[in-house]
Amino acid sequence: QKSTESQELTEEHSDSIQYLSAPLVSEIYTADPSAHVFDGKIYIYPSHDRESVVDEDDSGAQYDMKDYHVFSLSAPDGSLTNHGKVLDLSQVPWAKRQLWAPDAAEKAGKYYLYFPAKDHDDIFKIGVAVADNPAGPFEAYPRPIEGTYSMDPAVFEDEDGTYYMYWGGIWGGQLQKWRTGEYLSTGDAPDDDEPADDEPAIAPQVARLSENMVELAEESKDVLILDAEGNPITAGDHDRRFFEAAWLHKYKGRYYFSYSTGDTHKIVYAIGDSPYGPFTYQGVILLPVQGWTNHHSIVEYENQWYIFYHDTELSGKNYLRNIKLAKLTHLEDGRIAQIDPLKA
Ligand code: FUB
């Protein structure tokens with residue numbers, strides 16, 4: 001995950017950039033913000049970026065995170081509370097490194113933190129930790145959730161009280177190494193094990209969660225993302241294919257699956273009529289931010305929708321990010337108005 005044209009551009013003109021929003025947190029670096037309304041407040045579950053001695057490489061080893069912190073906002077324009085550290089790598093027996101983008105869910109007064117990490121064989125899996133309070137601290141289960149792999153979990157509660165977990169990320173996120181149903185790696189280049197450009201892109205995964213919230217209730221299924229003609233988006237279509245950062249929200253009875261396009265740096269979305277998809281590609285929600293990664297969540301608070309995202313305004317370094325938020329608008333026809341995070 002190296003510099004790109006957009007990254008170079010924003011660095012070159014960094015004095016003149018006008019950002020859409022200010023960083024929410026400046027005392028530590030934060031990224032990948034998953035926001036939820038719990039108890040009338042907005043709780044944010046971000047990654048905690050830090051300087052690391054690990055060299056940058058194309059698998060993203062420099063994103064070498066070791067713990068999670070939780071924040072809450074009394075309202076989108078209200079005061080921010082830092083609830084401190086809620087889980088440390090040393091408290092997760094199965095995990096070796098890289099605590100990447102987490103998400104959280106509430107059920108029956110318990111709070112669940114879902115998080116990816118590389119296990120002791122350096123294979124990404126997804127774990128879960130539980131708390132009595134949205135601000136933690138969280139206690140991790142001793143093993144990853146069976147049937148999960150890769151990274152970037154996002155949990156969606158449907159109106160009937162069913163919970164679904166979406167996950168996956170290609171390149172450093174290893175999703176391309178699970179195409180046979182087992183981990184199979186033919187090389188260490190980011191795109192080794194990817195399909196040919198004209199084949200369907202690698203699909204993110206979805207599975208219903210069990211009643212107990214700490215297991216999958218079923219084997220995961222591919223999340224199909226189709227173009228307007230009903231054909232799968234292809235692996236070579238880097239402007240539209242799934243890369244990482246899955247998120248699901250529901251608006252007026254329809255399911256909106258949004259994600260990052262990775263090396264083209266956009267947050268895009270597709271709409272479907274079932275939480276399992278298929279989803280039809282619609283367009284761009286968030287144009288490239290400053291920095292290589294783009295990762296978001298979408299949440300409604302008092303009849304207004306918001307997107308939480310990150311950029312690198314505070315550090316200028318891809319792996320030291322800061323979270324932000326902006327208003328998000330659903331248009332009359334159900335499409336989402338495009339947001340430009342760099343308002344020049
Ligand atoms: O924060 C580490 C990784 O960077 C996340 O898991 C990806 O979505 C990207 O934001």
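At a glance:
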quantity: Count - residues of the range 134-160 that are at positive phi and within 16 Å of the ligand (Cβ to nearest atom); calculated: 2
quantity: Any pair with Cβ under 7 angstrom, 6 or more apart, that starts in the range 28-42 at a residue that is acidic (D, E) and ends at one that is within 14 Å of the ligand (Cβ to nearest atom); calculated: D32/P46; D32/S47; D32/A101; D32/H295; D32/H310
quantity: Scan of the range 248-271 for residues that are β-branched (V, I, T) and either under 13 Å from the mean Cα position of the chain (by Cα) or open to solvent by 30 Å² or more (accessible area, probe 1.4 Å) (or both), ordered by number; calculated: T261, T264, I267, V268
quantity: Condition broken by G60, with the remaining ones in (1) away from the ligand (no atom under 12 Å from the Cβ); (2) in a loop (DSSP other than H, G, I, E, B); (3) out of contact with any Lys or Arg (no Cβ under 7 Å at 6 or more places or on another chain) satisfied; calculated: (1)
quantity: Residue list for the range 214-236, restricted to those being surrounded by fewer than 17 Cβ atoms within 10 Å (Cβ to Cβ) and either of a type in the set (D, E) or more than 20 Å from the chain's Cα centre (by Cα) (or both); calculated: E215, A217, E218, E219, D222, D227, A228, E229, G230, N231, G236
quantity: Test result for A270, modelled with pLDDT of 95 or more, among the small types (G, A, S), within 16 Å of the ligand (Cβ to nearest atom) and touching a Ser or Thr at 6+ places or on another chain (Cβ under 6 Å); calculated: no
quantity: Residues of the range 195-212 classified as buried (at least 20 other Cβ atoms within 10 Å of the Cβ) and in a loop (DSSP other than H, G, I, E, B), total; calculated: 4
quantity: Filter result for T186 (hydroxyl-bearing (S, T, Y) and open to solvent by 20 Å² or more (accessible area, probe 1.4 Å)); calculated: yes
quantity: Test: residue in the range 297-306 that is touching a His at 6+ places or on another chain (Cβ under 9 Å) and either small (G, A, S) or closer than 22 Å to E229 by Cβ (or both); calculated: yes
quantity: Pair list, Cβ < 6 Å and 6+ apart or interchain, from the range 214-226 residues that are under 15 Å from S274 (Cβ atoms) and without any contact (Cβ under 8 Å) to a residue 60 or more places away in the chain to residues that are of a type in the set (A, V, I, L, M) and surrounded by 15 or more Cβ atoms within 10 Å (Cβ to Cβ); calculated: E218/A207; K221/V206; D222/A203; V223/A203; V223/V206; I225/I233; I225/A270
quantity: Pairs with Cβ under 7 Å, 6+ apart, first in the range 63-86 and closer than 28 Å to F124 by Cα, second within 16 Å of the ligand (Cβ to nearest atom) and of a type in the set (G, A, S); calculated: D64/S52; M65/S47
quantity: Extreme residue, farthest from the ligand (Cβ to nearest atom), among residues of the range 33-55 that are open to solvent by less than 10 Å² (accessible area, probe 1.4 Å) and not small (G, A, S); calculated: I42
quantity: Qualifying residue in the range 272-283 (condition: under 16 Å from the mean Cα position of the chain (by Cα) and part of a loop (DSSP other than H, G, I, E, B)); calculated: no
quantity: Qualifying residue in the range 322-336 (condition: touching a Leu at 6+ places or on another chain (Cβ under 9 Å), open to solvent by 10 Å² or more (accessible area, probe 1.4 Å) and of a type outside the set (A, V, I, L, M)); calculated: no
quantity: Selection status of D77, within 16 Å of the ligand (Cβ to nearest atom) and either open to solvent by 10 Å² or more (accessible area, probe 1.4 Å) or within 19 Å of H295 (Cβ to Cβ) (or both); calculated: no
quantity: Residue check for Y68: within 16 Å of the ligand (Cβ to nearest atom), open to solvent by less than 30 Å² (accessible area, probe 1.4 Å), part of a loop (DSSP other than H, G, I, E, B) and closer than 29 Å to H249 by Cα; calculated: no
quantity: Matching residues, the range 53-62, being in contact (Cβ under 8 Å) with a residue 12 or more places away in the chain and touching a strand residue (DSSP E or B) at 6+ places or on another chain (Cβ under 9 Å); calculated: A61
quantity: Strands (runs of 3 or more DSSP E) contained in the range 89-178 and holding at least 2 residues open to solvent by less than 20 Å² (accessible area, probe 1.4 Å) and in contact (Cβ under 8 Å) with a residue 24 or more places away in the chain; calculated: 103-107, 110-119, 124-131, 154-157, 163-167
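The values are calculated or read from the model by the stated rules, or taken from the named source; none is laboratory data. The structure displayed is predicted, hence computed values, not measured ones. Glycine also receives a Cβ, built like all others from the backbone with ideal geometry; neighbour counts cover every protein chain displayed. The accessibility values were calculated without ligands, DNA or RNA, using every heavy atom of the protein model including side chains. Shrake-Rupley method; radii C 1.70, N 1.55, O 1.52, S 1.80 Å.
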